[in-house]
Amino acid sequence: MQIKNLDLNNFRNIESLSLSFDPGCNIIYGENGQGKTNILESIYMCGFGKSHKNSKEREIIRDGCEESHIRAEFGSVINSHRIDIHLRKNRPKGVALDRVPIRRYGDLYGNILVVMFSSEDLDIVKRSPSDRRKFLDMQICQIDPIYMDHLVNYNKILDQRRELFKSMEEGDVHQFQDTLDLWDLQLNEYGSRIIRKRREFIEELNEIIFEIHYDISGGKEKLKIVYEPSAREDDFYEILLKNRERDRYYKQTHAGPHRDDLSFYDQDKDMKVYGSSGQQRSCALSLKLAEIDIINKIKKEKPVLLLDDVMSELDRNRQTQLIRSLRDVQTIITCTGMDEFIEEKLGEVRRIRIADGRMINSEE
């Protein structure tokens, strides 16, 4: 998998930009605030249909403009495909694959396989449960697009359930009972599928991440990711029924995939509580490298790796471990500048300098 060409119009601070990428390592460099991260954001959007920053689409459109356009050509040596994303301030965005409109995110996922690694990801071990759930969901959606449908349906019913509890406060509780029974059955159906898929994904991830982290830690740590569901798939419905009165009183659902979390353990040591900052960053690095391997294992194709100003946040040992993983993976790196150590380790790269949303020069 590789991104071949990228065209942007009115995307954040970028008025018009056309880039081509090598199948190996590509470095986008320049001062802060010039548009480097915006380029990676646009590629991420081609893979997931939305920004990794959780930005509103109106915020992505360049100031003073009514619409923005992303066009990416991707594929392998022998074939190419094209994704177009058209953002408009006052209308829903348009997405097309090979010029055929796409109506659902699920139809977009898995076409461009992407692993994004930013400096914020280095703190995933100690960040909020919602950040770890987002990691789970984004990666599973790439390898199993049906999972996206389960998430959409689950969250829709979850919202309806909350609104129903508000209605119960204003009227007769019994007149809403049949509706609540139906929604709880549907919530259990989709929620159980999500819980099962997350559990299976973490089991596969653990098979891969153990060796990666053992190597990164110099044989000192044995990392295991523990999936912590708020309910198991075989007892989720019973918990929903048990919690009904409590849920109705607080007008929220207290159990389900939206309350799940992950923990990182070195044997019996909880890395969130007892791990040093360096150990937590090693866990995050291992997680990203394992993402590449699990996507390759399941999809039989390596993803595009996007590194957003992350090299400067890693020490020499972790830089070396990350660079070693870049073999046979198209990598696009943003930075303000590379030191000699990293340049020497990376070998041949394509360098692209960006200033004020424009390409100043490109070097092989």
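The values are calculated or read from the model by the stated rules, or taken from the named source; none is laboratory data. Quick caveat, the model's predicted, so the values are computed rather than measured. All Cβ positions, even for glycine, are placed from backbone atoms using ideal geometry, and neighbour counts span all protein chains on display.
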For this session: List the strands (runs of 3 or more DSSP E) that sit entirely inside the stretch 1-52 and contain at least 1 residues that are under 20 Å from the mean Cα position of the chain (by Cα) and in contact (Cβ under 8 Å) with a residue 24 or more places away in the chain.
Result: 2-11
Exercise. Considering Gly47, Gly30, which residue is in contact with a helix residue (DSSP H, G or I) (Cβ under 9 Å, 6 or more places away or on another chain), at pLDDT below 95 and buried (at least 22 other Cβ atoms within 10 Å of the Cβ)?
Worked result: Gly47
Exercise. In the set Gly106, Gly110, Gly94, which member is of a type in the set (Gly, Ala, Ser), outside any loop (DSSP other than H, G, I, E, B), out of contact with any strand residue (DSSP E or B) (no Cβ under 9 Å at 6 or more places or on another chain) and at pLDDT below 95?
Worked result: Gly106
Exercise. Just checking, which of Leu289, Leu305, Leu262, Leu285 is assigned by TED's automatic domain parsing to the domain that holds Asn32 and aliphatic (A, V, I, L, M)?
Worked result: Leu305
Exercise. What's the number of the condition Asp159 fails, among (1) more than 28 Å from Tyr250 (Cα to Cα); (2) at pLDDT 95 or above?
Worked result: (1)
For this session: Look through Ser325, Ser276, Ser362 and report the one residue that is under 22 Å from Glu31 (Cα atoms) and either modelled with pLDDT under 90 or loosely packed, with under 13 Cβ neighbours inside 10 Å (or both).
Result: Ser362
For this session: Kindly check whether there is at least one residue in the stretch 124-141 that is more than 17 Å from Cys46 (Cα to Cα) and acidic (Asp, Glu).
Result: yes
Problem set entry | Of the criteria (1) under 20 Å from Ser18 (Cα atoms); (2) not assigned by TED's automatic domain parsing to the domain that holds Phe11, which one Glu67 fails | (2)
For this session: May I ask you to list the residues in the stretch 166-209 that are of a type in the set (Asp, Glu) and not in a helix (DSSP H, G or I)?
Result: Asp172
For this session: Would you confirm whether any residue within the stretch 100-107 is under 17 Å from the mean Cα position of the chain (by Cα), small (Gly, Ala, Ser) and closer than 30 Å to Arg246 by Cβ?
Result: no
Seminar exercise, completed: Picking from Val95, Val114, Val125, the residue that is within 21 Å of Asn296 (Cα to Cα) and surrounded by 18 or more Cβ atoms within 10 Å (Cβ to Cβ) would be Val114
Exercise. Name the residues in the stretch 153-198 that are under 30 Å from Lys297 (Cβ atoms) and touching a residue at least 12 places away in the same chain (Cβ under 8 Å), would you?
Worked result: Asn153, Tyr154, Asn155, Tyr190, Gly191, Ser192, Arg193, Ile194, Ile195, Arg196, Lys197, Arg198
